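What follows is a short report on a single structure.
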Amino acid sequence: MGTETNGEARINEEKTKNLKAQADMWKYVFGFTEMAVIKCAIELGIADFLERNQEPVSLNQLSVALGCCSSSLYRILRFLINRGIFKETVTKNGETSYVQTPLSRLLIKEGGNSMAAFVLFESSPVMIAPWHNLSARISSKENNTPAFDAAHGKDVWKYAEADPGHSNLLNNAMACDARVAVSAIIDGCPEIFEGIDTLVDVGGGDGTALRLLVEAFPCIKGINFDLPHVASVAPHSNGVLHVGGDMFNYVPKADAAFLMWVLHDWGDEECIQILTKCREAIPKDKGKVIILEAVIGENEEIKGNEKLKDVALMLDMVMMAHTSNGKERTAKEWAYVLNAAGFSRHTISHINAVQSILRLQETLSKYGRSNDGSGPQVDLAHLLATRDQELRTLKAESRRMLRFSAFAIQTIRLFGFRHLIYHSQSLEFPIQLDKRGENRDSGGASIKKKTLVGKVTKPPEAKKMRDSGLFLENGATEQLSLNVL
Ligand SMILES: C[S@@+](CC[C@H](N)C(=O)[O-])C[C@H]1O[C@@H](n2cnc3c(N)ncnc32)[C@H](O)[C@@H]1O
């Protein structure tokens with residue numbers, strides 16, 4: 001047995017790479033089988049039956065219960081088990097049986113985190129057909145008819161309007177994502193809904209997202225706004241009013257507008273039109289727009305979310321196949337659209353979902369705009385140092401206003417902070433705007449007593465704050481450190 005020469009090692013390495021490339025390519029050749037077999041498992045109700053039986057279920061029991069040919073069912077299960085969907089186990093009496101896994105639980109037809117409706121929608125012949133037109137859509141030699149329109153003669157929304165069965169499939173698919181995404185917002189960023197009395201969900205589908213939000217924040221009155229054929233069949237839920245209309249014409253008035261997976265269906269110009277209507281619908285001074293969308297290159301930075309990067313890129317392809325101008329956007333592309341629609345500032349927050357939260361605020365006048373405290377968590381020192389003339393003026397003015405602490409209030413309101421530690425040569429104290437005060441539109445300097453709660457760390461400053469009419473109390477939390485230069 002001789003030692004492998006360098007040349008042989010290179011050849012072997014090359015062979016291994018080629019073999020891997022072939023194996024990878026076979027996965028793509030038969031990529032559709034995964035979707036098709038998962039769809040088959042949902043239709044047969046395998047996950048539902050296993051979920052109902054807490055004990056492992058034998059092949060015989062399963063095939064009798066589901067009315068299936070046992071040898072075919074066995075092959076389906078073997079394929080899925082190989083992918084971690086369902087698990088094989090041996091019972092005490094030596095019988096091979098099947099149980100659920102976290103993945104197979106997502107295939108239960110009804111249930112909190114179920115993704116079954118999404119699978120059934122995306123694997124429906126209507127949604128599969130446009131994929132055959134993808135290259136024609138992209139090729140500059142063709143007439144560039146959107147892929148969906150080329151397959152069905154109309155766009156996806158008109159198609160759904162004309163086919164109630166398909167519309168139902170679409171609404172159910174969106175509702176199953178809404179359940180996951182909304183619980184991620186409620187867990188991750190509940191504070192964005194503070195101070196909102198009325199919330200309009202623009203393109204809200206069957207109202208699932210709003211129902212969950214209203215359940216979590218019962219003070220909110222919800223308006224679920226969607227096309228008439230969607231709103232008219234949306235199920236009743238307490239605290240939610242379904243309104244039919246076209247968001248390109250108008251958006252019902254509310255304290256805040258919520259858009260989840262709506263803007264990605266549209267091109268930049270259309271997004272600007274929709275956002276302009278949202279801007280008209282919310283109060284000028286304290287209105288909010290909350291957007292839930294994927295941001296390419298963002299959310300996957302969070303540990304555990306790495307796999308979501310590919311989901312955002314897949315969604316981008318889905319937009320290409322199913323919509324006329326829709327696309328997933330990078331942070332820079334979002335900034336362009338949002339700025340063009342008149343929202344000069346926005347923040348992006350990450351949650352445990354494929355979408356991130358984009359919070360928008362209108363263009364600011366010099367000091368006048370109040371906002372609600374859910375605004376950007378930015379480094380004010382950096383902003384003061386780097387931003388434009390308006391901020392330089394603000395910085396100069398801040399020095400004069402320090403004595404009265406009013407600038408602190410202006411700063412909080414201007415930048416949307418709820419909490420800050422205010423540092424300067426003469427002052428250092430944490431300040432927290434309370435829930436009521438932050439949203440009420442009192443002018444900065446005349447802000448009412450009790451609208452500021454601060455913990456004063458230095459006695460002379462306590463006096464200054466009291467002198468300026470601020471209500472002081474211990475217990476400021478979640479402070480953000482700011483340096484006012
Ligand atoms: C991708 S779905 C998102 C549904 C929901 N926001 C969710 O995430 O579960 C897009 C929604 O926009 C609605 N839509 C499309 N065009 C619209 C229009 N011109 N006016 C209002 N809603 C529209 C559709 O009917 C659909 O319900």
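The values are calculated or read from the model by the stated rules, or taken from the named source; none is laboratory data. In this text, all values refer to a predicted model and were calculated from it rather than measured experimentally. As a convention, Cβ positions derive from the backbone with ideal geometry for all residues, glycine included, and neighbour counts pool all protein chains shown.
Tabulated data
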read-out: Positions within region 188-232 being in contact (Cβ under 8 Å) with a residue 60 or more places away in the chain and over 17 Å from the mean Cα position of the chain (by Cα), in sequence order; value: 194, 195, 196, 227, 229, 230
read-out: Single condition residue 65 does not satisfy, out of (1) surrounded by 14 or more Cβ atoms within 10 Å (Cβ to Cβ); (2) under 18 Å from residue 33 (Cα atoms); value: (2)
read-out: Scan of region 2-33 for residues that are part of a helix (DSSP H, G or I), more than 30 Å from residue 124 (Cβ to Cβ) and polar (S, T, N, Q), ordered by number; value: 6, 12, 16, 18, 22
read-out: Boolean, residue 36 is assigned to a helix (DSSP H, G or I), within 31 Å of the chain's Cα centre (by Cα) and within 25 Å of residue 119 (Cα to Cα); value: yes
read-out: Per-region count, region 208-256, residues within 9 Å of the ligand (Cβ to nearest atom), part of a loop (DSSP other than H, G, I, E, B) and buried (at least 24 other Cβ atoms within 10 Å of the Cβ); value: 2
read-out: Residues (in contact with a helix residue (DSSP H, G or I) (Cβ under 9 Å, 6 or more places away or on another chain), of a type outside the set (D, E, K, R), farther than 12 Å from residue 260 by Cβ and assigned to a loop (DSSP other than H, G, I, E, B)) located in region 186-206; value: 195, 196
read-out: Among the candidates 103, 107, residue that is within 30 Å of residue 76 (Cα to Cα) and assigned to a helix (DSSP H, G or I); value: 103
read-out: Qualifying positions in region 183-198 - under 26 Å from residue 156 (Cβ atoms) and either crowded, with 24+ Cβ neighbours inside 10 Å or away from the ligand (no atom under 16 Å from the Cβ) (or both); value: 185
read-out: Residue among 133, 168 that alone is assigned to a helix (DSSP H, G or I) and under 20 Å from residue 32 (Cβ atoms); value: 133
read-out: Region 44-55, residues that are free of Cβ contacts under 8 Å to residues at least 40 places away in the same chain, surrounded by 11 or more Cβ atoms within 10 Å (Cβ to Cβ) and not aromatic (Phe, Trp, Tyr); value: 44, 52, 53
read-out: Output for region 138-165, where each listed residue is crowded, with 18+ Cβ neighbours inside 10 Å, in contact (Cβ under 8 Å) with a residue 60 or more places away in the chain, assigned to a helix (DSSP H, G or I) and more than 12 Å from the ligand (Cβ to nearest atom); value: 147, 148, 149
read-out: Region 295-327, residues that are modelled with pLDDT of 90 or more and farther than 20 Å from residue 148 by Cβ; value: 295, 296, 311, 312
read-out: Residue count for region 257-270, restricted to those that are more than 12 Å from the ligand (Cβ to nearest atom) and either touching a helix residue (DSSP H, G or I) at 6+ places or on another chain (Cβ under 6 Å) or in a loop (DSSP other than H, G, I, E, B) (or both); value: 2
